[in-house]
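These notes concern the structure reproduced below.
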Amino acid sequence: MPPVPPRDREQAIAYIFEMSSGLAELARAQQLPFLAYLLEMVALASAEGARGKLK
């Protein structure tokens, strides 16, 4: 959980993007390429959601 729960959609999307991007970096550093790939896809989906492509 974030220290303060996201209060709106944009905050939630930004939080998901930041967390999944950071976790993808950790997964790559631990040589877990498939997990890193999945986390990158989550980050990409949240970025697209921020642009209004996802509903």
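The values are calculated or read from the model by the stated rules, or taken from the named source; none is laboratory data. Computed from a prediction, not measured in an experiment: that's the story for all the values here. Ideal geometry is used to build each Cβ from the backbone, glycine not excepted, and the neighbour counts take in all protein chains shown. Accessible surface areas use protein heavy atoms only, side chains included; no ligands, DNA or RNA. Shrake-Rupley method; radii C 1.70, N 1.55, O 1.52, S 1.80 Å.
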Residue list for the stretch 6-21, filter: surrounded by fewer than 13 Cβ atoms within 10 Å (Cβ to Cβ) and not in a loop (DSSP other than H, G, I, E, B): Arg9, Glu10
Among (1) part of a loop (DSSP other than H, G, I, E, B); (2) open to solvent by less than 80 Å² (accessible area, probe 1.4 Å); (3) modelled with pLDDT of 95 or more, the one test that Pro2 misses: (3)
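When you check Ala29 against the structure, is it at pLDDT 95 or above, exposed (fewer than 11 other Cβ atoms within 10 Å of the Cβ) and aliphatic (A, V, I, L, M), yes or no? Can you show your working first?
Values: at pLDDT 95 or above: yes; exposed (fewer than 11 other Cβ atoms within 10 Å of the Cβ): yes; aliphatic (A, V, I, L, M): yes.
Against the criterion (at pLDDT 95 or above, exposed (fewer than 11 other Cβ atoms within 10 Å of the Cβ) and aliphatic (A, V, I, L, M)), Ala29 qualifies.
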